[in-house]
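Take a look at the structure below.
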Amino acid sequence: MASTCRLYLITPPYIQLPAYSNELKEALDGGDVACLQIRLKHEEDDGIKKITESLQTIVQSYDVAVIMNDRPDLAAELGCDGVHVGQEDTPYAEARSIVGEEKIVGVTCKKSRHLAIEAANDGADYVAFGGFFPSLTKDSAKTERADPEILSWWTNTTNVPCVAIGGITVDNCKMLVESGADMVCVVSGVWDYPTGPAAAVSDFNKVFVS
């Protein structure tokens, strides 16, 4: 059902504190958000730690989960709620052993049914499919498009939640929601929204229940 879908925020690739803290609060004030993934590919470890520690206090005060991208070691060290790993990152089993059984571990499966089944059988807390649309934060030329039908197939196959990712906006997310996405991952669709991040979160949530 559309009303079960939730918003999975990802940080912008570059963050300036304290300005971003205010943007984040604004977004979280806009409506329901399931989690925030901290994805800072261009930062050294010290920068990631500093930013994460600053943002965690804000995010967790809203009862929103903090997920670290790619780095189970930092997720464990900083007390994040979980980690998200891609196919070229730390393998699921290793990530799980680092963060522990109580934490969230999500796995990117691109458009592969095989990878998704494998991740679910291994114990992943969610699988992520995509990209569904061209993305401003990844090299779209190298990304094969996923078909929304994979979401329908997945939700009819298993109870493991699925996340849709890749260029998702308020205007194009409805087909993914209707196809069965449990969460939609959004970066620029919130942070670059013309009327601000709070309006973006509010508008996404309106689509989820429409």
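The values are calculated or read from the model by the stated rules, or taken from the named source; none is laboratory data. As the structure is a prediction and not an experimental result, all values here were calculated from the model. Cβ sites come from the backbone with ideal geometry, for glycine too, and all protein chains shown count toward neighbours.
Structural remarks
- Residue, nearest to the chain's Cα centre (by Cα), within the stretch 3-30, restricted to residues that are assigned to a loop (DSSP other than H, G, I, E, B) and closer than 18 Å to residue 89 by Cβ: 11
- Residue among 135, 112 that is over 21 Å from residue 25 (Cβ atoms) and modelled with pLDDT of 95 or more: 112
- Pick from the stretch 29-49, criterion out of contact with any Lys or Arg (no Cβ under 8 Å at 6 or more places or on another chain) and of a type in the set (D, E, K, R), ranking: surrounded by the most Cβ atoms within 10 Å (Cβ to Cβ): 39
- Filter result (surrounded by 14 or more Cβ atoms within 10 Å (Cβ to Cβ), farther than 28 Å from residue 178 by Cβ and either of a type in the set (Asp, Glu) or in contact with a helix residue (DSSP H, G or I) (Cβ under 6 Å, 6 or more places away or on another chain) (or both)) within the stretch 86-121: 89, 90, 92, 95, 98, 99
- Enumeration of residues in the stretch 17-55 that are hydrophobic (A, V, I, L, M, F, W, C) and over 16 Å from residue 189 (Cβ atoms): 17, 19, 38, 40, 48, 51, 55
- Among the candidates 170, 187, 201, 177, residue that is surrounded by fewer than 23 Cβ atoms within 10 Å (Cβ to Cβ), β-branched (Val, Ile, Thr) and more than 21 Å from residue 89 (Cα to Cα): 170
- Verdict on residue 160 being under 25 Å from residue 112 (Cα atoms), among the β-branched types (Val, Ile, Thr) and either within 14 Å of the chain's Cα centre (by Cα) or crowded, with 18+ Cβ neighbours inside 10 Å (or both): yes
- Hey, residue 80 surrounded by 14 or more Cβ atoms within 10 Å (Cβ to Cβ), among the hydrophobic types (A, V, I, L, M, F, W, C) and over 26 Å from residue 155 (Cβ atoms) or not: yes
- Output for the stretch 173-202, where each listed residue is polar (S, T, N, Q) and without any contact (Cβ under 8 Å) to a residue 40 or more places away in the chain: 179, 195
- Single match in 59, 33 (criterion: of a type in the set (A, V, I, L, M, F, W, C), under 21 Å from residue 102 (Cβ atoms) and either part of a loop (DSSP other than H, G, I, E, B) or out of contact with any His (no Cβ under 9 Å at 6 or more places or on another chain) (or both)): 59
- Qualifying residue in the stretch 44-62 (condition: touching a helix residue (DSSP H, G or I) at 6+ places or on another chain (Cβ under 9 Å) and under 23 Å from residue 159 (Cβ atoms)): no
- Among the conditions (1) closer than 23 Å to residue 207 by Cβ; (2) surrounded by 20 or more Cβ atoms within 10 Å (Cβ to Cβ); (3) not charged (D, E, K, R), residue 72 misses just one, which is (1).
- Condition met for residue 51 (of a type in the set (Val, Ile, Thr), more than 27 Å from residue 160 (Cα to Cα) and not in a loop (DSSP other than H, G, I, E, B)): yes
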